[in-house]
1. Of everything in the range 37-90 that's farther than 14 Å from LEU11 by Cα and among the polar types (S, T, N, Q), which residue is modelled with the lowest pLDDT?
2. Mind counting the residues in the range 2-38 that are touching a residue at least 24 places away in the same chain (Cβ under 8 Å) and either farther than 14 Å from LEU68 by Cβ or not in a helix (DSSP H, G or I) (or both)?
3. Take the residues of the range 79-90 that are under 16 Å from LYS30 (Cα atoms) and buried (at least 16 other Cβ atoms within 10 Å of the Cβ): which is farthest from the chain's Cα centre (by Cα)?
4. Scan the range 56-84 and report the pairs whose first residue is within 15 Å of ARG4 (Cα to Cα) and whose second residue is in a strand (DSSP E or B), with Cβ atoms within less than 6 Å and a gap of 6+ or a chain change.
5. What residue, among those in the range 39-78 that are of a type in the set (Gly, Ala, Ser) and assigned to a strand (DSSP E or B), is surrounded by the most Cβ atoms within 10 Å (Cβ to Cβ)?
6. Could you please find all residues in the range 24-38 being out of contact with any strand residue (DSSP E or B) (no Cβ under 7 Å at 6 or more places or on another chain) and either within 12 Å of VAL73 (Cβ to Cβ) or surrounded by 13 or more Cβ atoms within 10 Å (Cβ to Cβ) (or both)?
Amino acid sequence: MNERKAYVVFLTDDAIEELGTPFSAFIKRKDDAYYINAKSIDPEGNYFHLLVDQEIVGGNKIEVELQLHHDFVKGAFCGEEPAINELGFS
């Protein structure tokens with residue numbers, strides 16, 4: 001069974017304050033951890049690139065690429081989408 005891969009990218013506390021309102025739609029929280037769910041990531045280059053699905057008006061989804069400074073990223077992990085959801089990072 002080929003499930004879609006999903007990524008959870010954990011952010012530093014400084015990232016939450018620095019990124020502010022423009023990024024708040026993408027940032028989630030579980031316990032004391034702030035994170036962003038992504039369809040794919042690319043940590044190479046000057047910025048950490050995340051490809052995310054974002055729900056817009058009417059329930060439609062659009063694909064958005066976020067670019068974060070590497071200093072804002074604590075770490076990331078990847079797994080099949082159902083497993084990531086089961087861990088509570090949906």
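1. Going through the qualifying residues, I end up with SER90.
2. If we filter the range 2-38 for residues that are touching a residue at least 24 places away in the same chain (Cβ under 8 Å), which is where we start, we get 3-12, 14-15, 18-19, 23, 25-26, 28, 30, 34-38.
Next cut, either farther than 14 Å from LEU68 by Cβ or not in a helix (DSSP H, G or I) (or both) only: 3-12, 25-26, 28, 30, 34-38.
Here the count works out to 19.
3. ILE84
4. Every condition considered, the pairs that remain are PHE77/VAL8; CYS78/LYS5; CYS78/TYR7; GLU81/ALA6; ILE84/ALA6.
5. Of all residues in the range 39-78, those of a type in the set (Gly, Ala, Ser) come to 40, 45, 58-59, 75-76.
Checking which are assigned to a strand (DSSP E or B) leaves us with 40, 75-76.
Working: SER40: 13, GLY75: 10, ALA76: 16.
Only one residue fits best here, namely ALA76.
6. Of the residues in the range 24-38, the ones out of contact with any strand residue (DSSP E or B) (no Cβ under 7 Å at 6 or more places or on another chain) are 24, 29-32.
The one that is out of contact with any strand residue (DSSP E or B) (no Cβ under 7 Å at 6 or more places or on another chain) and either within 12 Å of VAL73 (Cβ to Cβ) or surrounded by 13 or more Cβ atoms within 10 Å (Cβ to Cβ) (or both): LYS30.
The values are calculated or read from the model by the stated rules, or taken from the named source; none is laboratory data. Quick caveat: nothing in here was measured; it's all calculated off a predicted structure. Positions of Cβ are backbone-derived with ideal geometry, glycine not excepted, and every protein chain shown enters the neighbour counts.
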